[in-house]
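Written out below as structure tokens is the structure these notes cover.
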DNA sequence: CCCGATATTGGATACGTTTTCATGCATCTC
DNA sequence: GAGATGCATGAAAACGTATCCAATATCGGG
């Protein structure tokens, strides 16, 4: 028994038309009403599904969207991915996921795989300094950056949270509470944010209080602990991501720093556990799902008339991890 | 300027051999050492990458692994996905991700998309009662179930955490602390776990204390709150997932139940924030990444000699969310 | 020195689709 | 009514690869 898949040829034969006609009917070309109906009937009856394999080869592209994230384990990227999936599903496009680990080399390797697969649309949280992207873009990939942009590729549309406003709001909030020595705990690829932070802090900026960790949990913890130990005089810290925030809480606990009495903490990204933490964490919420969704919209719209990019609003959500400076000096 | 992609034909021409030879060299067939070297040289020089499109059509399958998860936002599935990605990357296989939302209909739709793409290997956390899988399997998909199995498809290999042991350990632990009225807060697709729970509890089981929520956060919260309000006499609860655990903590806080004084809590799945919670949550750790990795190994090994499946160990990690019953009656 | 066996090679074919192009037919215009 | 115009249609040609098969070259044994 040879269970061959039904092809367009079978449909054409059964409907008494040519394969070209079937193809046209199915992809919305012109055809006479009777023919169309007949073809559609046969299609339904035979349960025919056009093979993407043949189509892809013919069109020399596989459809589908490549999604390159630093770490799918990070809930922020999880939500971002969810947004992409939602949009892609409504367009019937498959999503090919790759985890770069914020390593340009791995990123390049994954892009290679995507190209090999004929994928010509990719949404990426770019890692590295952006050198790796030049050849990719020349290869004709429709690219949209999400969450971060890549230095030197300002012509690529990007969907970003409004980090500048978010950081400004957070810093102003901390300043308003009387804090002066405010630290920033950043992760990979946050040059942009760092400059916004310096900008928002103005003359108060202290380069020793700006620390950048690598992507891992361990590295984040080490950075936080190092910072707290080395500069016990700091009174507030802005963590540039939920991993960093987690590390800050852990390190603070380990060093017996009480939040918010000894240390005020604001974390980038609102995650469910921020509310479960004690004290609940004050955060800058980012619309992660929206970022993904909008990026998918952009990349699906494709080459035609590419907008400059999208900036989505952030929101400071005040919970309990910040206190006025001086509280620690209040009696007992 | 016509920037055509270099094809196998170009390589053949440049190397002065036939396309068949190039194909053989590149896919490990037999060839004379000189020919092989020459072809490889030209390949490298022209930066030739074989197009998956042509190959896929020829072999009538697209390679790549379909990954069907209920919710990529859930860190458990995030880690599982990470495991799959790691294994797939080492095999050079792309991973196509789909979120089912635990909805059999969406699941079927996604499977349809995969089939259309020619994907013939899929790793899935099956949703629903398993009816939807029969046609899929008949279509020749190499399938591996992860984390859950599908009722009525015991012939499909599955990679699971040892829920039975995990639950038994947790229940015994709670029993040992003096608890008698122990509740279970479950999510979708946890029939298996439920029966293990009943089994572990033995005569103590109280059906009113077994609650099943749907997949969403809201639903989980509603279930937890309803349970706590309706049965204030319960003293311990086992949450069947990190979403449920989160909901339990939130609901307990809302109802002014102190953990662990008024209520002992054990959560399935060890997540980073379990340690940040106050009190830190006692959990049953599951090797989510391993589950994904092993599932990928299984599905890549493919049709040949399919093992019965894999059971991975769980571990009870005692932190601070469980107390001996009677503590609440202690003075003050 | 010749024959058969083996290893290597390239031409040709097929995979399933989309798209171009030419054909036939009907309708429209002057 | 004749030529022009438009539309529906099907045959055929790609798309880039893997593989079948026949042909050639190499080698060993008799």
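Of all residue pairs spaced 6 or more apart or on separate chains, those with beta-carbon atoms under 6 Å, a first member in segment A:11-38 that is closer than 21 Å to residue A:52 by Cα and a second member that is in a loop (DSSP other than H, G, I, E, B) and within 12 Å of DNA strand C (Cβ to nearest atom) are A:11/A:48; A:12/A:18; A:24/A:31; A:25/A:31. If you go through segment B:122-137 one residue at a time, do you hit one that is in a helix (DSSP H, G or I) and within 16 Å of DNA strand D (Cβ to nearest atom)? Scanning segment B:122-137, I find no residue that is in a helix (DSSP H, G or I) and within 16 Å of DNA strand D (Cβ to nearest atom), so the answer is no.
The residues of segment B:145-164 that are assigned to a helix (DSSP H, G or I) and surrounded by 22 or more Cβ atoms within 10 Å (Cβ to Cβ) amount to a single one, B:163. Going by the conditions given, is residue A:196 under 23 Å from the mean Cα position of the chain (by Cα), within 20 Å of residue A:180 (Cβ to Cβ) and modelled with pLDDT of 95 or more? Yes, satisfied. Residues of segment A:29-44 include none that is within 11 Å of chain B (Cβ to nearest Cβ) and within 22 Å of residue B:60 (Cα to Cα).
For residue A:97, the criteria (1) farther than 24 Å from residue B:73 by Cβ; (2) without any contact (Cβ under 8 Å) to a residue 40 or more places away in the chain; (3) in contact with a helix residue (DSSP H, G or I) (Cβ under 8 Å, 6 or more places away or on another chain) hold in every case but one, which is (1). Considering B:63, B:112, B:98, B:78, which residue is facing another protein chain (nearest Cβ under 8 Å) and surrounded by fewer than 21 Cβ atoms within 10 Å (Cβ to Cβ)? The match here is B:112. Tally the residues that are closer than 14 Å to residue B:95 by Cα and not in a loop (DSSP other than H, G, I, E, B), restricting the search to segment A:95-108. Residues in segment A:95-108 being closer than 14 Å to residue B:95 by Cα and not in a loop (DSSP other than H, G, I, E, B): 5 in total. Please state which of the following conditions residue B:127 fails to meet, knowing it meets all the rest: (1) buried (at least 24 other Cβ atoms within 10 Å of the Cβ); (2) under 30 Å from residue A:90 (Cβ atoms); (3) more than 14 Å from chain A (Cβ to nearest Cβ); (4) touching a strand residue (DSSP E or B) at 6+ places or on another chain (Cβ under 8 Å). Of (1) buried (at least 24 other Cβ atoms within 10 Å of the Cβ); (2) under 30 Å from residue A:90 (Cβ atoms); (3) more than 14 Å from chain A (Cβ to nearest Cβ); (4) touching a strand residue (DSSP E or B) at 6+ places or on another chain (Cβ under 8 Å), only one is false for residue B:127: (4). When residue B:121 is tested against (1) buried (at least 20 other Cβ atoms within 10 Å of the Cβ); (2) within 10 Å of chain A (Cβ to nearest Cβ), exactly one condition is not met: (2). Checking B:53, B:68 one by one, the residue that is at pLDDT 95 or above, touching a strand residue (DSSP E or B) at 6+ places or on another chain (Cβ under 7 Å) and closer than 30 Å to residue A:70 by Cβ is B:68 and no other. Looking at (1) in contact with a strand residue (DSSP E or B) (Cβ under 9 Å, 6 or more places away or on another chain); (2) surrounded by fewer than 22 Cβ atoms within 10 Å (Cβ to Cβ), which one does residue A:43 not meet, given that it meets all the others? Of the numbered conditions (1) in contact with a strand residue (DSSP E or B) (Cβ under 9 Å, 6 or more places away or on another chain); (2) surrounded by fewer than 22 Cβ atoms within 10 Å (Cβ to Cβ), the odd one out for residue A:43 is (1).
Here is a check on your reading of the model: is residue B:151 more than 24 Å from residue B:320 (Cα to Cα), touching a residue at least 40 places away in the same chain (Cβ under 8 Å) and in contact with a helix residue (DSSP H, G or I) (Cβ under 6 Å, 6 or more places away or on another chain)? Considered against the rule, which asks whether it is more than 24 Å from residue B:320 (Cα to Cα), touching a residue at least 40 places away in the same chain (Cβ under 8 Å) and in contact with a helix residue (DSSP H, G or I) (Cβ under 6 Å, 6 or more places away or on another chain), residue B:151 comes out as no. Scanning segment A:199-214 for residues that are within 11 Å of residue A:182 (Cβ to Cβ) and part of a loop (DSSP other than H, G, I, E, B) gives A:205, A:206. Here residue A:2 clears all of (1) within 16 Å of DNA strand D (Cβ to nearest atom); (2) modelled with pLDDT of 95 or more except the condition numbered (2).
Scanning segment B:247-268 for residues that are within 13 Å of chain A (Cβ to nearest Cβ) and within 17 Å of residue B:318 (Cα to Cα) yields B:249, B:259, B:265, B:267. Of the numbered conditions (1) in contact with a strand residue (DSSP E or B) (Cβ under 9 Å, 6 or more places away or on another chain); (2) more than 9 Å from every other protein chain (Cβ to nearest Cβ), residue B:280 satisfies every one except a single condition; which is it? All conditions pass for residue B:280, except number (1). Of all residues in segment A:81-94, those that are within 7 Å of chain B (Cβ to nearest Cβ), buried (at least 23 other Cβ atoms within 10 Å of the Cβ) and not in a loop (DSSP other than H, G, I, E, B) total 2.
Residues of segment B:188-202 include at least one that is surrounded by 21 or more Cβ atoms within 10 Å (Cβ to Cβ), on the phi > 0 side of the Ramachandran plot and in contact (Cβ under 8 Å) with a residue 40 or more places away in the chain.
Before we move on, is residue B:54 crowded, with 18+ Cβ neighbours inside 10 Å and within 12 Å of another protein chain (Cβ to nearest Cβ)? No; evaluated as a whole, the condition is false for this residue.
Of all residues in segment A:50-72, those satisfying the criterion of being within 7 Å of DNA strand C (Cβ to nearest atom) and either over 30 Å from the mean Cα position of the chain (by Cα) or closer than 14 Å to residue B:61 by Cα (or both) are A:50, A:51, A:53, A:54, A:55, A:57, A:58. Out of the residues in segment A:8-18 that are exposed (fewer than 15 other Cβ atoms within 10 Å of the Cβ) and within 8 Å of DNA strand C (Cβ to nearest atom), which is nearest to the other protein chains (Cβ to nearest Cβ)? Going through the qualifying residues, I end up with A:9.
Residue-level analysis places residue A:262 among those that are closer than 18 Å to residue A:181 by Cβ and in a loop (DSSP other than H, G, I, E, B). Counting only residues that are surrounded by 16 or more Cβ atoms within 10 Å (Cβ to Cβ) and touching a helix residue (DSSP H, G or I) at 6+ places or on another chain (Cβ under 7 Å), segment A:165-180 holds 3 of them.
The values are calculated or read from the model by the stated rules, or taken from the named source; none is laboratory data. Computed from a predicted model, the values in this text were never measured in an experiment. A quick note on method: Cβ atoms are made from the backbone with ideal geometry, for glycine too, and the neighbour counts reach across all protein chains shown.
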